[in-house]
Amino acid sequence: MNKPWARRAIGASIALVIGIAASGCSASGAASGGGVTGDGEYTGPDVNVTFWHGWTGGAAPTIVPELIQKFNAEHENITVKAVPQEWGDITAKMPLAIKAGKGPDVAVLHGDDLATYAAQNLLLDAGGILDGLGYAAEDFPKGVFDKGNFRDAQYAVPWSVTPLGLYVNKTVLAKAGITEIPTDEASYTAALEALKGAGVAGEWVDGYVFTGTFEFQSLIWQFGGDMYNEDVTEATFNSEAGVKALTWMTDMVKKGYSPANVAQDGNIKALISGETAFNWNGVWQTTNTAFDDLDWVAAPVPQIGDEKAVWSSSTHWVFPENKGQDKNKTAAASVFVKWMNDNSLGWAETGELPAANSVREDPALLEQYPNLEPFMSQLEYAHYETVSPGISEANAQITLALNQALTGKKDPKAALDDAADKANQIITQNQAKYGD
Amino acid sequence: MTDTRAIVVAPQRTSAGGRGPRPSRGKPASRRRTLTAYLFLAPFLLLFLTFVVGPAFFGIWMSLTNWSPFRDVQDFVGLQNYIDLFTPGTVTSADFWKSMSVTGIFILASVPFLVVVPLLVAILLNQRIRGATTFRTIFFAPYVLGVAVIGVIWGYILDTQSGILNHLMGLIGLPSNLPWTVDVPWVWVSLVGVTVWWTMGLNTIIFLAGLKGINTDLYEAASIDGAGTRHKFMNVTIPGLRPVMTFITTTTILASANMFGQSYLLTKGGPGTETRTVIMYIADQGLSQNNMAPAAAMSYVLFAALAIVSVLNFRLQRERVEKGAK
C-alpha cells in the first residue's frame, strides 16, 4: 500500500463506516417520573418496551404476537416490541447486550439460567416491582417463585412450568392385556414384564438430556436424593439415591424392558410408531400433532422410589439491568408482565402450564386442554432446576454419566462418581468466576 | 454431451496451475489501475479487518487474561490459560486434549475418503458417458444442504431401533440393531460416511476442473508410448493434478478439523465425549459457559496445530513435485 491516495481513501471509508456505526449508538438516558399504580396501571410518558423471548416453535409464533397486539391496543402509552430468537442465541447475546445497554427491557429466561444472569448483575432486583404488582410465592406452584431468588433478592416472576409425565400408547399397552395405567414401582414393573411377554420393550431409556436426564432427576428425587447440596457447593448426584436411580435405568436395559443404545428421541418416535408403551416426556409433547392418530393418554410419572417427585422446568420474566436502564420502561414492562400472566390461559396451547395459579386453576383451562390434567396434578411435588450461576455446565456432567452408564462404558456408580468429581471442579471454578 | 462438458468448467487452462501472460503496463495507467483495484478491495478489506483480523488479535489478548464479558476490567494473567491446558488435572486440560484427539481421529478417518472418493468419481464423470451433467448434479446436490438438514435426515436414517438403515440391513440378514449414532465404533462410521456423502461434491467438482486442465496431448503421447490405463493414471493424471491435490488436501484437512454440526446433531458428542470435537468443546466453553479466556487459548492451540499440519502438508507435496520434476 505505497500509494498515499489509496491510503487516504481507505482511511476515509473506515472513518465513514465507524461514524455511521457510532451514530447508531445514542444512549437512552434514564428519565425520572412515571410509575406503576397499585392496580397495575402505568402512568408515565409513552414508552417502547423491548421484549426478548425464545418461543420460535409450535403454536407460540401465532399466540405471542396476538397477545402483544392486544396488550398494545389496551395500553395507550406502552408499545411492546417482541424480538423472538432461538434460546441459544439469547444465551449467547443477551448478557453482552445488557452490558452494552442494548438489551431488552423485559425477557423470559429458563429457571436454570436465572442465577447465572443475577450473579453477573445483569438483572434488576425485582422485589419492589413484585410488591407493586402484588405477587407473592403463594400465587404460583410450590417452589417455582423461589427459583427466582438469588442471594436474598428476588429477580424473576414465574411464567410457565413444564413437568415431566408418563405418556402411554394404549394400543400397545392393550397387547399385554393391561388397561390400568401403572402408578407405582410394583404396577409399573408388572406392566413392563407383561409387555416383555408380549414381545414389547415397554419403556425405551436414553442417555440424553431429552429425556433420560429428566427421568434420572425425577428418580433421584423419588429416592430422597438431590443433585447438589443445599448451598450448591458440592455435587450429590452420586449419592446412594443417585446410584439407585441410575441403576434402575440401566436395569431397564438389562431386564429387557428397554432396548440398548436408544438414540436421542428414539423413544418418543417409538411410542408414536407403536413400538413401545411408555415414554417419560415433558408436558410440551401434549401438543405433538403426531399423537393425533394415536390412542394415547398422559399420566403422572410412576412412583419408583420412596416418595413422589417429578422433574419440572420453569420459565420466568426478568427485568434486565441495561446500562442506563430507563425506569419508565421497566415500569411499563412490569405492567406488561402482569397483563401477560393474567391473560396466560391460552398459553397452554403451546404445551406449557401457565404458572399463575389464578389462571391455571380456572376450570376453563382444563375444559379446553384436558390432557394437561395429569401434569397439573403433579405440581405439588414437582422439583425445579438447581439455582446457581454456571450450573448448566455441571449439569452436563450428569447427562455424560447417564450416557456412559447406558452405553455400558462405566457402571452407574463409577460414572456418577467421575461426573461428580468433574462437577465439583466446575462448581469451584464457578465460584471463582461469579463470586460466592 | 461432449459440448456441454466444455461449458461447465469455464476457465480452460493450458496446464493446471499455470499462469496467464502478464499484462504489459505503462506507469500512469498502472497507478490509476492500482487505485481502482484498492477501491474495489476496500469493502472486503474492511470486513476482513473487522471480522477476521480484529477478532484474531483481540482473541490473543483475551487468552492472556481471565476475560469475562461481565466485568469492566480484565486482569492480565500471562500464559496461565495456556499453562492450564498443558497441566494435567485442571478443569479444561483433559477435556480439551480428549476433544483434540477426537478431531484428530475424524481428520484421519475422513480425509482419505474425502480425497480418494471424489477423485475416482471425478475420473468417472470425466469419461464420455451419457448423462454426465446429471450425475455431476447428483453428486454435488448434497453439498448445498445445510448441516441442520443433514442432521435431521440422517438422524432418521441412522436411528438404532427405528432407523431405515438398520431396517434394510435386517431385511438382507445383517444385524439390525447397530447403534449408528449411539456407540463406538459405529458413530465414527456414521460421522465419516455422512460427511463424505455431504461434502464430496465440492472436491469432485474441483478435481473435475483439474482433469479438464490436463492437456489431452499427454494422454495421446502416453498411448503412443504404449501406456495402459493404469500408467496413464499414475504418470499423467496424478502429476497433472498435483497443484489441485495440494489445494484439496489442505482445505479438506482444515474443513475436517472444523467439524462441528454432524456430531453436534447426530451423536451429541457421545457416547460420553467420544465424538465431542474440539470446535464443539471450544464453542461450549466460550459461548455457553462464558469461559472465554480458556476457550480463546484453546483456539490458538488448535490454530497452531493446524498451521503445523498445513505447513507439513505443503512441504510434503512440494517435495513430491520436485521429485516428479527430476
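What follows is calculated from the coordinates using simple rules that are stated; it is not laboratory data. Just so it is clear, the model here is predicted, and its values are computed rather than measured. Every residue, glycine among them, receives a Cβ derived from its backbone with ideal geometry; neighbour counts consider all protein chains shown.
Descriptive notes on the structure:
- Taking a straight Cα-Cα cut-off under 21 Å and skipping sequence neighbours fewer than 8 places away in the same chain, the lysines within cross-link reach of B:K98 are A:K409, A:K410, A:K422, B:K268.
- Computed from Cα positions, the angle between helix A:240-254 and the longest principal axis of chain A comes to roughly 60 degrees.
- Here the range B:266-308 and the range A:404-436 have alpha carbon centers that stand 18 Å from each other.
- Net charge of the neighbourhood of A:Q222, taken over other residues with C-beta under 12 Å away and scored Lys/Arg +1, Asp/Glu -1, is -4.
- Mean separation of Cα contacts under 8 Å (6+ apart) over length of chain B, as relative contact order %: 27 percent
- Computed lengthening from A:A59 to A:E367, 0.36 nm per intervening residue step minus Cα-Cα distance: 109.0 nm
- Cβ crowding within 10 Å ranks B:S223, A:S313 as B:S223, A:S313, fewest other Cβ atoms first.
- Using equal-weight Cα scatterers in the Debye expression, the normalised intensity of the range A:200-310 in log10 at q = 0.17, 0.20, 0.21 Å⁻¹ is -0.84, -1.09, -1.17.
- Put simply, the C-alpha atoms of the range B:38-187 give a gyration tensor, and the ellipsoid matching it has half-axes of 42, 29, 15 Å, longest first.
- Cβ-based net charge around A:Q303, under 11 Å, with every Lys or Arg adding one and every Asp or Glu removing one: -3
- Spin-label pair B:V144/A:D295, simplified geometry with 7 Å Cα→Cβ offset, distance in nm: 4.7 nm
- Cα centroid separation - the range A:157-209 against the range B:155-222, whole Å: 38 Å
- Spread over its residues, the convex hull of the C-alpha atoms of the range A:282-360 is 153 Å³ per residue.
- A helix-only calculation puts chain A at -12500 deg cm²/dmol for mean residue ellipticity at 222 nm, using -39500 (n - 2.57) for each DSSP H run of at least four residues, averaged over all residues.
- In this structure, B:I83 and A:A190 have a Cβ-Cβ separation that, at R0 = 60 Å, corresponds to a calculated FRET efficiency of about 0.55.
- Percentage, to the nearest whole number, of Cα pairs in the range A:333-421 over 19 Å apart: 60 percent
- Amide H contacts of A:E321 (H built 1.01 Å from N, under 5 Å, at least 5 apart or other chain): A:L123, A:L124
- Note on chain B: the alpha carbon radius of gyration divided by the globular reference 2.2 N^0.38 Å gives 1.22.
- Building the convex hull from the alpha-carbon atoms of the protein assembly as shown and averaging its projection over directions returns 41.3 nm².
- Within a straight-line Cα-Cα reach of under 28 Å, A:K70 can be paired with the following lysines, leaving aside sequence neighbours fewer than 8 residues apart in one chain: A:K81, A:K102, A:K327, A:K329, A:K338.
- Using only the C-alpha atoms, the convex hull of the range B:50-108 corresponds to 126 Å³ per residue.
- Candidate lysines - alpha carbon under 16 Å from B:K232, same-chain residues fewer than 8 apart omitted: B:K212
- Mean-position separation - Cα centroids, the range A:247-326 and the range B:58-74, in angstrom: 40 Å
- Across the range A:94-242, counting alpha-carbon atoms alone, Rg and Dmax equal 21.0, 63 Å.
- Per the Debye calculation on the range A:298-338 with a single equal scatterer at every Cα and no solvent contribution, log₁₀ I(q)/I(0) for q = 0.14 Å⁻¹ amounts to -0.56.
- Ranked by how many other Cβ atoms sit within 10 Å of their own Cβ, fewest first, the residues A:K338, A:K142, A:K410 fall in the order A:K142, A:K410, A:K338.
- Here the calculated FRET efficiency for A:W284 and A:D125, from their Cβ-Cβ distance with R0 = 35 Å, stands at 0.70, rounded to the nearest 0.05.
- The range A:34-152: projected area of the alpha-carbon convex hull, averaged over directions, in nm²: 8.4 nm²
- In nm, spacing of pseudo-spin labels at B:W97 and B:L41 (7 Å Cα→C-beta vector): 4.3 nm
- Net +/- balance of residues flanking A:G212 in space, Cβ distance below 12 Å, scoring K and R +1, D and E -1: -3
- Across chain A, the convex hull enclosing all Cα atoms gives 186 Å³ per residue.
- Listed from fewest to most Cβ neighbours within 10 Å, the set A:L67, A:L164, B:L46 follows the order B:L46, A:L67, A:L164.
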